[in-house]
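Enquirer: Below you will find the structure I want to go over with you.
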Amino acid sequence: MTVFKDRRDAGERLADILTDLRDERCLVAAIPRGGVVVGYYVAERFDWPLEVVVPRKIGAPYQPELAVGAVAEDGTIYVEEEVARAVGVGMDWIRDAAERELKEVKRRIKLYRGGAELPRLDEYIVIAVDDGVATGATMIATVRFLKKLGARRMIIAIPVAPPEVLPKLRAEADEVRCLETPIPFYAIGQFYMNFAQVSDVEVMDYLSRSRRLLPPK
């Protein structure tokens, strides 16, 4: 089943369900790489600031696509308890894996944000955006991190997710807005006509373009 033409289409349609926030002080926190493309078109619609936040999935041993959990850029770890038990890994293994993933997190922060930490977010309704959610692990780690930065309201906005994941997301955020919850759900890419990999160069280009769109301070 194809739902979206590409990430631009997903972002523009996601913006359609956020119009009630048009006059609010919002910040779009996008998860790279694909989420930055979606987030760009949301932020562009309303002239909201776009920032990148960098979690990493923790893959299971010998099954890297299976998420045991995820780690946020400040080291916050979220664990999929049932998966961890099923594959036989404990917290020591997960912490070691998280440390390895944080090396890539630091590389991306240096590349995308010049190594800068995110500021306090007390003034903003923060909208966490990705190009879709499969297990919810990286989104949950991201939201927990953003809440530590003081977001006055936390919204998850995503194009597509399996319906059984939404309760987990709603337990973490003030609100979840999701365009599609198709069944069966095997992978995010199955719902895009074009789901080409996004490069670091493209991420930086979208971030640069968005910053130029912001009104003068």
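The values are calculated or read from the model by the stated rules, or taken from the named source; none is laboratory data. Predicted, not measured: the structure shown is a model, and the values here were computed from it. Cβ placement follows ideal geometry from the backbone for every residue including glycine, while neighbour counts extend to all protein chains displayed. Keep in mind that these areas ignore ligands, DNA and RNA; they rest on the heavy atoms of the full protein, side chains included. Shrake-Rupley method; radii C 1.70, N 1.55, O 1.52, S 1.80 Å.
Enquirer: Mind checking whether some residue in segment 177-189 is buried (at least 22 other Cβ atoms within 10 Å of the Cβ) and either in contact with a helix residue (DSSP H, G or I) (Cβ under 6 Å, 6 or more places away or on another chain) or in a helix (DSSP H, G or I) (or both)? I'd like the intermediate steps shown before the answer.
Expert: Of segment 177-189, the ones buried (at least 22 other Cβ atoms within 10 Å of the Cβ) are none.
The answer is no, given that none of the residues of segment 177-189 is buried (at least 22 other Cβ atoms within 10 Å of the Cβ) and either in contact with a helix residue (DSSP H, G or I) (Cβ under 6 Å, 6 or more places away or on another chain) or in a helix (DSSP H, G or I) (or both).
Enquirer: Out of segment 1-18, which residues are part of a helix (DSSP H, G or I) and touching a helix residue (DSSP H, G or I) at 6+ places or on another chain (Cβ under 8 Å)? Spell out the reasoning first.
Expert: Of all residues in segment 1-18, those part of a helix (DSSP H, G or I) come to 7-16.
Within segment 1-18, Arg7, Arg8, Ala10, Gly11, Glu12, Leu14, Ala15 qualify.
Enquirer: Quick one: how many residues across segment 122-161 are assigned to a loop (DSSP other than H, G, I, E, B) and among the hydroxyl-bearing types (Ser, Thr, Tyr)? Lay out the reasoning, then the answer.
Expert: Looking only at segment 122-161, we keep the residues that are assigned to a loop (DSSP other than H, G, I, E, B), and these are 122-124, 130-136, 149-152, 161.
When the remaining residues are screened for being among the hydroxyl-bearing types (Ser, Thr, Tyr), the result is 124, 135.
Here the count works out to 2.
Enquirer: Being among the aromatic types (Phe, Trp, Tyr), open to solvent by less than 50 Å² (accessible area, probe 1.4 Å) and part of a loop (DSSP other than H, G, I, E, B) is the filter here, so list the residues in segment 191-207 that pass it. Walk me through it before giving the result.
Expert: In the first step, residues of segment 191-207 are kept if they are among the aromatic types (Phe, Trp, Tyr); the result is 191-192, 195, 206.
Next, from what is left, pick out any that are open to solvent by less than 50 Å² (accessible area, probe 1.4 Å): 191-192, 206.
Residues satisfying the conditions do not exist here.
Enquirer: Which numbered condition trips up Glu81, out of (1) free of Cβ contacts under 8 Å to residues at least 12 places away in the same chain; (2) open to solvent by less than 30 Å² (accessible area, probe 1.4 Å)?
Expert: (2)
Enquirer: Going by the conditions given, is Leu102 open to solvent by 10 Å² or more (accessible area, probe 1.4 Å), assigned to a helix (DSSP H, G or I), in contact with a helix residue (DSSP H, G or I) (Cβ under 8 Å, 6 or more places away or on another chain) and in contact (Cβ under 8 Å) with a residue 12 or more places away in the chain?
Expert: no
Enquirer: Would you pick out the residues in segment 154-176 that are farther than 21 Å from Thr2 by Cα and either open to solvent by less than 60 Å² (accessible area, probe 1.4 Å) or aromatic (Phe, Trp, Tyr) (or both)?
Expert: Step one: of segment 154-176, the residues farther than 21 Å from Thr2 by Cα are 154-156, 167-176.
Met154, Ile155, Ile156, Leu169, Glu172, Ala173, Glu175, Val176, listed by residue number.
Enquirer: Test Pro119 against the stated conditions and say whether it is open to solvent by 10 Å² or more (accessible area, probe 1.4 Å), under 24 Å from Thr76 (Cα atoms) and either part of a loop (DSSP other than H, G, I, E, B) or touching a Phe, Trp or Tyr at 6+ places or on another chain (Cβ under 8 Å) (or both). Talk me through it step by step, then tell me what you get.
Expert: Numbers: open to solvent by 10 Å² or more (accessible area, probe 1.4 Å): yes; under 24 Å from Thr76 (Cα atoms): yes; either part of a loop (DSSP other than H, G, I, E, B) or touching a Phe, Trp or Tyr at 6+ places or on another chain (Cβ under 8 Å) (or both): yes.
Considered against the rule, which asks whether it is open to solvent by 10 Å² or more (accessible area, probe 1.4 Å), under 24 Å from Thr76 (Cα atoms) and either part of a loop (DSSP other than H, G, I, E, B) or touching a Phe, Trp or Tyr at 6+ places or on another chain (Cβ under 8 Å) (or both), Pro119 comes out as yes.
Enquirer: How about segment 21-77: which strands (runs of 3 or more DSSP E) wholly inside it have at least 3 residues that are open to solvent by less than 60 Å² (accessible area, probe 1.4 Å) and farther than 17 Å from Leu149 by Cβ? Can you show your working first?
Expert: Values: elements: 26-30, 50-52, 56-60, 63-71.
Qualifying strands (runs of 3 or more DSSP E): 56-60, 63-71.
Enquirer: Further, regarding this structure: Go through (1) modelled with pLDDT of 95 or more; (2) under 22 Å from Pro182 (Cα atoms) for Leu66 and report which single condition fails.
Expert: Condition not satisfied by Leu66: (1).
Enquirer: Here's another thing I want to ask about it. Could you check, for segment 201-211, whether at least one of its residues is closer than 23 Å to Asp23 by Cβ and among the hydroxyl-bearing types (Ser, Thr, Tyr)?
Expert: yes
Enquirer: Now, a different point. If I filter segment 122-142 for residues that are surrounded by fewer than 22 Cβ atoms within 10 Å (Cβ to Cβ), touching a residue at least 40 places away in the same chain (Cβ under 8 Å) and under 14 Å from Val53 (Cβ atoms), do I get at least one hit?
Expert: Start the filter on segment 122-142 by keeping residues that are surrounded by fewer than 22 Cβ atoms within 10 Å (Cβ to Cβ), which leaves 122-123, 125, 134-135.
Those left that are additionally touching a residue at least 40 places away in the same chain (Cβ under 8 Å): 123, 125, 134-135.
Imposing the further condition that a residue be under 14 Å from Val53 (Cβ atoms) reduces the set to none.
No, segment 122-142 contains no residue that is surrounded by fewer than 22 Cβ atoms within 10 Å (Cβ to Cβ), touching a residue at least 40 places away in the same chain (Cβ under 8 Å) and under 14 Å from Val53 (Cβ atoms).
Enquirer: As an exercise: evaluate Arg113 against (1) in contact with a Ser or Thr (Cβ under 7 Å, 6 or more places away or on another chain); (2) at pLDDT below 95 and give the number of the one condition it does not meet.
Expert: Result: Arg113 fails condition (1) only.
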